[in-house]
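Take a look at the structure set out below.
The values are calculated or read from the model by the stated rules, or taken from the named source; none is laboratory data. From a predicted model like this one, the values you see are computed outputs, not experimental measurements. Virtual Cβ from ideal backbone geometry, glycine too; neighbours counted across all protein chains shown. Side chains included, ligands, DNA and RNA excluded: accessible areas come from the protein's heavy atoms. Shrake-Rupley method; radii C 1.70, N 1.55, O 1.52, S 1.80 Å.
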Amino acid sequence: MSTDAPGQRQSPPARRPSPRLRTALDDVPTYTPGRPAASGAVPGWKLSSNENPFPPLPGVLQAVAAASERLQRYPDMACGALTDELATRLNVPAAHIALGTGSSGLLQQLLQITTEPGDEVVLPWRSFESYPIVTRLTGARPIQVPLTTDEAHDLDAMAEAVTHRTRLVLVCTPNNPTGRALHRDKLERFLDRVPTDVLVAVDEAYVEFVRDPACADAVQLYRHRPNVVVLRTFSKAYGLAGLRVGYAVAHQPVATALRKAAVPFGVSTVAHDAAIASLQRTDELKARVEHLVAERTRVRADLLGQGWTVPDSQANFVWLRLGRHTDAFTTACQQAGVAIRPYGEEGVRITIGERQANDIVLTVADAFRRNLPDTAPPLRPRRVPGTPR
Ligand code: PMP
């Protein structure tokens, strides 16, 4: 309470030190979400977050409505029904499954169970932008290994980057944002080179969109490798990004540790029941994914025809390495009503969305390509100084 007499000016509050926060936060980059759909004179389309353009699968909204009648109750912390359903479908023991609030939640849990300050996490770069964020949050150091010139993981360089300080290796297949996916034989050779006491997380957020039969299925690889954990999500192919549910598959010590590190009751009953309802709509899911894969093939073929270099994407997006033209291309799409995802002066990631939106991007890309001052193939990935080759 103030001791100043009435009418007197109050003395300024004593200066107090600010709360002390962890210094590790100083190096944590901020997550950049995809831009919202453009608004104003032009209709807005959002191709900036790798979302599914389809509404939830049939039966999902009914499951959500029914679950929301029990919002006063905590969810089933074990997510028993969804765990059992996934275990049956994947033919793995239920004890090998850990649910989380999207694969983002599981990523955080993974870092919490593996790293201490000063430890290292080997990861490809450019890749999913959360990787360095969640790594730095634990006080560990991300060792970002540049992609190859054809936009894939440099698995040899990643294997060479593993040291006695490495506690976790992140592999992203298909890779966000370049779309390249790893072949089974190459991934197996890589896993053979990683010491068995180092955990390797294979992030398969986009696995349902993979069509190259030579590509790895990490759930098959984990079976004989106790140091492999697979991350998957209901956010992409299943179209439940707004509900936050994903899962990990790993041998029991890792799965148990992941469950220990979870936010209690993080996966809501609404998300849990929506995921189960979605799993039951296999035919409709397949049809939607097939449609998006066909659109991806069409968009890529069209871009290649226009003269662009486009990596073979196995996901629901395509990547254009635009270098210094990244900003101008993003603005051109924005002005035409489509939000896409720029990455500094590296390139853009364009989600495969509604056909109309994809067509707008193709029209913009065609005009942009014709007006490019130099039509040489766009710029190669640059090495990040201080990172291994
Ligand atoms: N991994 C990758 C490679 C991703 O691209 C994303 C989403 N952009 C995620 C994980 C996280 O997805 P969610 O948390 O919605 O499951």
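List of remarks:
- Criterion: modelled with pLDDT of 95 or more, out of contact with any Asp or Glu (no Cβ under 9 Å at 6 or more places or on another chain) and more than 28 Å from T30 (Cβ to Cβ) - qualifying residue of V194, V200, V162: V194
- Test result for E160, charged (D, E, K, R) and within 16 Å of the ligand (Cβ to nearest atom): no
Condition check ((1) open to solvent by 10 Å² or more (accessible area, probe 1.4 Å); (2) touching a Gly at 6+ places or on another chain (Cβ under 8 Å); (3) within 14 Å of the ligand (Cβ to nearest atom)) across all residues:
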{"residue": "E69", "(1), (2), (3)": "yes, no, no"}
{"residue": "D84", "(1), (2), (3)": "yes, no, no"}
{"residue": "A98", "(1), (2), (3)": "no, no, yes"}
{"residue": "I113", "(1), (2), (3)": "yes, no, no"}
{"residue": "R126", "(1), (2), (3)": "yes, no, yes"}
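- Counting the residues of the stretch 339-372 that are in contact with a Ser or Thr (Cβ under 7 Å, 6 or more places away or on another chain) and polar (S, T, N, Q) gives 1.
- Scanning the stretch 200-237 for residues that are more than 10 Å from the ligand (Cβ to nearest atom) and among the aromatic types (F, W, Y) yields F209, Y222.
- Out of P36, P75, one residue alone is modelled with pLDDT under 95 and not polar (S, T, N, Q). It is P36.
- Those residues of the stretch 202-240 which are of a type in the set (D, E) and more than 19 Å from G105 (Cα to Cα), in sequence order: E208, D212, D217
- Candidates A63, A37, A78, A94, filtered to the one that is away from the ligand (no atom under 16 Å from the Cβ), among the hydrophobic types (A, V, I, L, M, F, W, C) and touching a Ser or Thr at 6+ places or on another chain (Cβ under 8 Å): A94
- Any hit, the stretch 177-184, residues being open to solvent by less than 20 Å² (accessible area, probe 1.4 Å), on the phi > 0 side of the Ramachandran plot and within 12 Å of the ligand (Cβ to nearest atom): yes
- Number of the condition not met by V171 [criteria: (1) crowded, with 20+ Cβ neighbours inside 10 Å; (2) more than 26 Å from R223 (Cβ to Cβ)]: (2)
- Pair list, Cβ < 7 Å and 6+ apart or interchain, from the stretch 54-67 residues that are more than 11 Å from L240 (Cβ to Cβ) to residues that are in a helix (DSSP H, G or I) and open to solvent by 50 Å² or more (accessible area, probe 1.4 Å): P58/E284
- For the stretch 239-258, the criterion of being among the charged types (D, E, K, R) and on the phi < 0 side of the Ramachandran plot is met by none of the residues.
- Residue in the stretch 281-302 that is more than 20 Å from E51 (Cα to Cα) and under 20 Å from the mean Cα position of the chain (by Cα) present: no
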